[in-house]
Amino acid sequence: MNVAVIGGGGREHALVRKFAQSDRVETIYAIPGNDGMRDIAEVVPEIGETDFQAIAELCSSKQVEWVVVGPEAPLSEGIADYLESRNIKVFGPRKEEAKIESSKAFTKNIMEKYDIPTASYKAFTDYDAAYAYIESVGAPIVLKKDGLAAGKGVIVATDMDEALAGLDALMSDSDAPIVIEEFLEGEEFSLMVLVNGDYTHSFEIIAQDHKRAFDNDEGPNTGGMGAYAPVTHIPESVRQEAVDRIIKPMAEAMVKEGLDYFGVLYLGAIVTENGVKTIEFNARFGDPEAQILLSLMEDDLVDVLEKVGRKEAFTLTFSPGFKVGVMLASAGYPDAYDKGNALDFEAVREKSFVSGLRQEEDTWVTSGGRVLLVTGEGQTIEAAIDSAYTNVDQVKFNEDELFIRRDIGRHAIK
């Protein structure tokens, strides 16, 4: 069969690689894709990820049987609705269901209504009211933009100066609401869940992302500076608690609200002294968690999609050992950064996922904020960390132009 992957980043590179391993897949169309996928997919850079008509025409003409949507933007704009109306199968939620990511207030309201554990919160559209609320509750506190922000529209303010500056930043350029949340203490983890209405299949292992830009979890929030899996120092009982108290109730709540979710549901959760609580939901695979989890998954992705479509019970199989990914990012990210900087990753290309690179003749140059996820693996987390950084050190780049974190996976070493 032929399949299509929508998106052009590292998560989509991982999806393309996973489909390329399937004996059932003949051709993969990556729309728009990136140059790192050209060895295993037909890349279609002339079609943008929100050009629904062109995507539909290509999928119809090429007899594409499955479309998997990677990024949040086309989901929130209704790509699943558009393609399904033309009898093209899509793994990804429709516009209304994708509001679980595109509207934090929408999602918080559902969690409050159905008593799903999360931080206490209030939503504001009025600056003065939000200002007064922050002054009344104090810091630390969390401010979130209500809408898509590529993982960067969150400010964790440790003091009042940061909180009020964050309020100014989030409310200065948009009329969209902001959500102000209670700050939760604890260790975070990511759980991917396959959902079809009231049916859920939670991944049997969890991952851990590193959101802050710099070592020791310092600096601004980013789309993710690295990830690893499995997270064995967080016990299985915690994953199961998340399934029982958050995932299953949320799926049931969406059905009760008249929603019919089909796709991946990402749970960002935190282990607090009062149990597991929800930090966020996303309507797609996490990035860079997808690169790690899909690499570890031994199952055929087409088989998995079809089983979810039929609401079948099954077990995912993951390779033994650990996998760690370290993100190379452009200097200045997540704020302003330069493009067009050269790097050479040929020595570790098979161990890397392209996020923001393009090829100019024989040279790779940067084209985004997050550039390349370099991975390593091992039978212990320590060995996987060592492997990842050994591979990173084989990438040639100017250290004034790119940066990395040197502590990915260290939370797992006690």
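Data overview
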{"quantity": "Those residues of segment 360-401 which are assigned to a loop (DSSP other than H, G, I, E, B) and without any contact (Cβ under 8 Å) to a residue 24 or more places away in the chain, in sequence order", "calculated": "GLU361, ASP362, ASP393, GLU399"}
{"quantity": "Any pair with Cβ under 6 angstrom, 6 or more apart, that starts in segment 292-311 at a residue that is not assigned by TED's automatic domain parsing to the domain that holds ASP23 and ends at one that is assigned to a helix (DSSP H, G or I)", "calculated": "LEU294/ALA14; LEU294/LYS18; LEU301/LYS18; LEU301/PHE19"}
{"quantity": "Count - residues of segment 335-355 that are crowded, with 22+ Cβ neighbours inside 10 Å, under 21 Å from the mean Cα position of the chain (by Cα) and of a type outside the set (S, T, N, Q)", "calculated": "2"}
{"quantity": "Subset of segment 24-49 (residues that are of a type in the set (Ser, Thr, Tyr) and surrounded by fewer than 17 Cβ atoms within 10 Å (Cβ to Cβ))", "calculated": "THR27"}
{"quantity": "Close pairs from segment 249-274: first within 17 Å of VAL69 (Cα to Cα), partner surrounded by 16 or more Cβ atoms within 10 Å (Cβ to Cβ) and among the charged types (D, E, K, R), Cβ under 6 Å, at least 6 apart", "calculated": "TYR261/GLU97; VAL264/ARG284"}
{"quantity": "Qualifying residue in segment 301-323 (condition: modelled with pLDDT of 95 or more, closer than 19 Å to HIS13 by Cβ, surrounded by 22 or more Cβ atoms within 10 Å (Cβ to Cβ) and touching a strand residue (DSSP E or B) at 6+ places or on another chain (Cβ under 6 Å))", "calculated": "yes"}
{"quantity": "Qualifying residue in segment 295-312 (condition: hydroxyl-bearing (Ser, Thr, Tyr) and assigned to a loop (DSSP other than H, G, I, E, B))", "calculated": "no"}
{"quantity": "Residue selected from segment 234-271 under the condition part of a strand (DSSP E or B) and not hydrophobic (A, V, I, L, M, F, W, C), by the criterion farthest from the chain's Cα centre (by Cα)", "calculated": "GLY263"}
{"quantity": "Some residue of segment 217-233 being over 13 Å from the mean Cα position of the chain (by Cα), over 30 Å from TYR333 (Cα atoms) and surrounded by fewer than 22 Cβ atoms within 10 Å (Cβ to Cβ)", "calculated": "yes"}
{"quantity": "Given (1) assigned to a loop (DSSP other than H, G, I, E, B); (2) without any contact (Cβ under 8 Å) to a residue 40 or more places away in the chain, number of the condition LEU316 does not satisfy", "calculated": "(2)"}
{"quantity": "Among (1) within 30 Å of MET250 (Cβ to Cβ); (2) in a helix (DSSP H, G or I); (3) outside the structural domain of SER237 (by TED's automatic domain parsing), the one test that VAL348 misses", "calculated": "(1)"}
{"quantity": "Some residue of segment 100-114 being in a strand (DSSP E or B) and either in contact (Cβ under 8 Å) with a residue 40 or more places away in the chain or of a type in the set (Lys, Arg) (or both)", "calculated": "no"}
{"quantity": "Residue count, segment 116-148 (criterion: out of contact with any Pro (no Cβ under 8 Å at 6 or more places or on another chain) and either of a type in the set (Ser, Thr, Tyr) or not in a helix (DSSP H, G or I) (or both))", "calculated": "21"}
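The values are calculated or read from the model by the stated rules, or taken from the named source; none is laboratory data. Given the structure is predicted, the values throughout are model-derived calculations rather than measurements. We place every Cβ from the backbone using ideal geometry, glycine too, and count neighbours over all the protein chains shown.
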